[in-house]
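To start, the structure itself, in structure tokens.
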Number of protein chains: 2
Amino acid sequence: MTEIDTTGTRELAKALVGLSHHVLHMFNDIGRGHDLTAQQTELVCAVIVRDRVRMSDLGKVMHLEKSNLSGLVDRTEKRGLIMRRRDPEDRRVTYVELTEEGRQVATSTHCEVTRRLNDLVAQLPAEVQLSLTEVVEKITES
Amino acid sequence: MTEIDTTGTRELAKALVGLSHHVLHMFNDIGRGHDLTAQQTELVCAVIVRDRVRMSDLGKVMHLEKSNLSGLVDRTEKRGLIMRRRDPEDRRVTYVELTEEGRQVATSTHCEVTRRLNDLVAQLPAEVQLSLTEVVEKITES
DNA sequence: TATTGTTATACTCTATAACTATA
DNA sequence: TATAGTTATAGAGTATAACAATA
């Protein structure tokens, strides 16, 4: 553990925190144009890439307690972007689906999210991108 | 723009969002052990690595509006971890400093934050770490 | 009994704007 | 006038626990 190592990891730590803010702040920026909060933006993006999702799965993806997700889904439903639908085969389960307006907004915002993240990592060398993807997937699946 | 490229960037995008949640969630986890919110944890960490900081600089680092920072500093001050001090040379400026308890808590939490971020990236090859640090610093300084 | 989701409560956080004090 | 910070307000997000319905 040399001086240089310590400094290096400290810098990387700071960079990672900055990156995380930057990424989650993006949802804020992008949502604002559609009169959505960051969480609502992330919610519709999470739904559109999965088409139809259980509440419980959304909670895992978005790191939200079920009660908090309930509230977020309430507000986004009131905003007219999503709908709840009961699973007739297991009536404990609720699916979240996009409305017509929701689909439009989600398509547009998700497109912009992807584009911006793309721009963000385009500056990284290809092998860093690959390595990063692999490691992050391993890390975040736990 | 081949199929593979598209899939690759989509995976990386998903990974980045996951990573960001993971990182900011860490502050939550770590803070909980000290009866701190995620924002309070990040605040004391941001202060300890800078010793004494202006409100305005804290706002930039933490991506907070000045009014929101004011509230966060209020709550953290009430919690007994920080103090405000006026700059006698420019009385518009307020510095945030740690109290004795704040210094202890901040040392402990910052240490754990660094350790966990360290574990997080330890799986990346050294040159990837370096490259990542450089690029992310460039990205987030804007 | 375990799982899925809702409701209730109290608090923190956020966005916006109007404000005070200093330079 | 510009800058640094506070206050006020309304809404959104969060943690926790108790609850209802289904399996």
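Derivation of every value follows stated rules applied to the coordinates shown; laboratory data play no part. This is a predicted model, so every value here is computed, not measured. Ideal geometry is used to build each Cβ from the backbone, glycine not excepted, and the neighbour counts take in all protein chains shown.
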### Task
Determine ³J(HN,Hα), in whole Hz, for all residues of region A:116-130 in sequence, where each value follows from phi through the Karplus function 6.51 cos²θ - 1.76 cosθ + 1.60 and θ = phi - 60°; x replaces Gly and Pro.
5, 5, 4, 4, 4, 8, 4, 6, 8, x, 3, 6, 5, 4, 4
### Query
Could you give the nm distance between label points at residue B:101 and residue B:50, where each point is 7 Å from its Cα heading toward the beta carbon?
2.4
### Summary
Per-residue average of other protein chain Cβ atoms inside 10 Å, peptide B:124-130 -> 5
### Along each principal axis, Cα extent of chain B, largest first, Å
60, 32, 25
### Message
Between residue A:85 and residue B:83, what is the label-point separation in nm under the 7 Å Cα-to-beta-carbon projection?
### Response
6.1
### Query
By what distance, in whole Å, do the Cα atoms of the protein assembly as shown stretch along each of the three principal axes, largest value first?
64, 42, 34
### Task
Could you work out how far apart the two model spin labels at residue A:67 and residue B:67 are, taking each label as a point 7 Å from the Cα in the direction of the beta carbon, and quote it in nm?
2.9
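Using only DSSP helix segments of four residues or longer, with each worth -39500 (n - 2.57), what per-residue ellipticity at 222 nm results for chain B after dividing by its residue count and rounding to 500?
Details: 6 runs with 100 residues, N = 142.
So the helix-based figure for chain B works out to -23500 deg cm²/dmol.
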